[in-house]
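Have a look at the structure below, then the notes.
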Amino acid sequence: MEANKKCVRKSFLPHQYDGEELFLEKMHRDGWRFVKLYKGIPTKYEFEKYEPEEYVYQLDYIKTDEDTEVYHQLFLDAGWKEILEWNGVGGKWYYFIKKKEGQVRERIFTDVQSKIELINKLIVAYGGFYLLLVSLWCISINGAIIQFTTRDLSFLTITYIPLIAIDLIGIIFMTYWIVALVIKKSKLKKEGNL
């Protein structure tokens, strides 16, 4: 890798978007500007050497049908620069950056209600994907039961077992993500007395 480029592998789950923002800010303060994201587990972040400065990074998730010119103009008018678009489940994550002015860390979401709305969008998007995984798992279990009870141990039966295991792993992860989002939402409600 070139001396002026650096890659870091790190994972953040949907409810940890604020941790990802802090990670990107720290890298920028250390002289590494965020330029690209690569899919994978863990996710690979690419940075380029840059003058160490104080910048604020903010992430926003929107459903595909909310991705309009008005949405982007709103951030531009507020002084945010859009640096990355990332396709997620049921929508997109947008990464924004703004030079930090003073001691206050500027935020896109300044009130509890808008933070809760973001979490609600994530719950709906990931919840739909979760239901799809559960449905596939039930179909796989049903198919395996039929194959085993008819004593048909064909190739099809053997393929059900890995599908069931993979689906179950996905269901466990998605359950964790959704529960973590619900907990985060509950904490926000308590903070905002909602």
- prompt: For the residue pair residue 13 and residue 183, what label-to-label distance in nm results when each label sits 7 Å from Cα along the Cα-to-beta-carbon direction?
  reply: 0.8 nm
- prompt: Based on DSSP H assignment, which helices of the chain show an axial Cα extent of at least 27 Å together with a mean Kyte-Doolittle hydropathy greater than or equal to -0.5?
  reply: 112-149, 155-191
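Please report the carbon-and-sulfur percent of the accessible area for the chain; probe 1.4 Å, protein heavy atoms only, DNA, RNA and ligands left out.
Numbers: 7140 of 11730 Å².
The computed percentage sits at 61.
Can you give the accessible area per residue of segment 103-142, in Å², using a 1.4 Å probe? Walk me through the numbers on the way to the answer.
Numbers: 2340 Å² over 40 residues.
Heavy-atom accessible area per residue stands at 59 Å².
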Between segment 45-96 and segment 9-33, the alpha-carbon center distance in angstrom: 13 Å
- prompt: Which number do you get for Rg(Cα) / (2.2 N^0.38 Å) in segment 1-141?
  reply: 1.16
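Counting residues in segment 35-81 as N, plug N into 2.2 N^0.38 Å and put the Cα Rg over that result. Don't jump to the answer; show the numbers that get you there.
Numbers: Rg = 14.1 Å, N = 47, 2.2 N^0.38 = 9.5 Å.
Its radius of gyration relative to the 2.2 N^0.38 Å reference: 1.49.
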- request: Distance check, please: which entries in 26/184; 10/190; 6/81; 92/115; 5/81; 39/185 exceed 25 angstrom between their Cα atoms?
  value: 10/190; 39/185
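What is the chain's relative contact order, in percent, from Cα pairs under 8 angstrom and six or more apart in sequence? Let's see the in-between values first.
On the way: 234 pairs, mean separation 34.9, N = 194.
Over the chain, the number comes to 18 percent.
The values are calculated or read from the model by the stated rules, or taken from the named source; none is laboratory data. Predicted model, so just to flag it, every value in this text is computed and none were measured. Note that we place each Cβ from the backbone using ideal geometry, even for glycine, and neighbour counts take in every protein chain shown. We work out accessible area using only protein heavy atoms, side chains counted, and drop any ligands, DNA or RNA first. Shrake-Rupley method; radii C 1.70, N 1.55, O 1.52, S 1.80 Å.
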